[in-house]
1. Among the residues that make up segment 138-159, is at least one of them open to solvent by 30 Å² or more (accessible area, probe 1.4 Å), more than 23 Å from residue 61 (Cβ to Cβ) and in contact with a Phe, Trp or Tyr (Cβ under 9 Å, 6 or more places away or on another chain)?
2. Tally up the residues in segment 174-210 that are within 17 Å of residue 53 (Cα to Cα), small (Gly, Ala, Ser) and in a helix (DSSP H, G or I), please.
3. Just give me the residues in segment 34-65 being in contact (Cβ under 8 Å) with a residue 60 or more places away in the chain, hydroxyl-bearing (Ser, Thr, Tyr) and part of a helix (DSSP H, G or I), in sequence order.
4. With the condition kept exactly as written, say whether any residue in segment 217-231 is surrounded by 11 or more Cβ atoms within 10 Å (Cβ to Cβ), at pLDDT 90 or above and under 19 Å from residue 115 (Cα atoms).
Amino acid sequence: MEHTPQLLEDRWGTSLVLSVKALLLWRACALLYCIITAVLYIAFGSGSWDYLTTFTNWSWTFLILYMGVALRCSWQELKSTEDVPNSYIVRFAIANAYAPPAVFHLAVPFVFWTLLAQDYFDSRHKAIDVFFQISFHVLDFIIIAIEAFVSRIPLSYSQWRLIVAILIIYLAWAYASHYLFSHLVDDADGYWPYPFLNPAYPWWWTYMFAIFVIFLLFHAATVTLHKLRDRVRGDTAMEYTTL
């Protein structure tokens, strides 16, 4: 069977468990919640100036971008009367928009609850800060888990390169932020999004190595789960225009 572009794009705007309208409504609600949470964090969060210096917030931003793309696909599926394929660039963007949040919102909650949560909750925080942590490290997983269940978007093992590229870009930005924002904090070591990024941190290089290993393992696991989902449903994953 020939896999035409339109047949492949139908996977992004449709679901095997929801109607197109229900899928559209789910994605609209998820996108609205993500945007409102991000705006509240920037307006009222502790250190809102550093919104894009922590990887948690990067991953939340990728979730917003994906939900926007996914909502557009569902809207196009609902309103389109002709099977007119998108351009290659649009198909490429759509095919790769899902991989980062699908991986990050498994890995980030895992890292937070296994390594960082105890130190965070040992100190007192405002209620709104707790809300942000629950949103970024619990509800994000729930949102992406629901989306993985209701959607038909396939993932490819080849997208590991996209995950690695994002990690490299983030680490470069994290070190740049140390020089950009250290004057805003009262700390002898300056500003570090995460303490283990500081070269003075014991065995800091092992954390750098572990970051890539953890995220690549979560990428492999995420792709495997999606392929299993498609196989169980008989919805053969069609991979193209991915990295």
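The values are calculated or read from the model by the stated rules, or taken from the named source; none is laboratory data. This structure is a prediction, so every number in the text was calculated from the model and none was measured. Quick reminder, even Gly has a Cβ in these numbers, built from the backbone with ideal geometry, and neighbours come from all protein chains shown. Quick note on the areas: whole protein, heavy atoms, side chains included, nothing else; ligands and nucleic acids left out. Shrake-Rupley method; radii C 1.70, N 1.55, O 1.52, S 1.80 Å.
1. yes
2. Of the residues in that region, 4 qualify.
3. 37, 41, 56, 59, listed by residue number.
4. Checking segment 217-231: at least one residue is surrounded by 11 or more Cβ atoms within 10 Å (Cβ to Cβ), at pLDDT 90 or above and under 19 Å from residue 115 (Cα atoms).
Residue-wise test of (1) touching a Leu at 6+ places or on another chain (Cβ under 7 Å); (2) among the charged types (D, E, K, R); (3) at pLDDT 85 or above; (4) not in a helix (DSSP H, G or I).
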site	(1), (2), (3), (4)
124	no, yes, no, yes
140	yes, yes, yes, no
149	no, no, yes, no
155	no, no, yes, yes
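This table checks each residue for (1) more than 27 Å from residue 201 (Cα to Cα); (2) at pLDDT 90 or above; (3) touching a Leu at 6+ places or on another chain (Cβ under 7 Å).
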| site | (1), (2), (3) |
| --- | --- |
| 112 | no, no, no |
| 134 | yes, yes, no |
| 145 | yes, yes, no |
| 169 | no, yes, no |
| 177 | no, no, no |
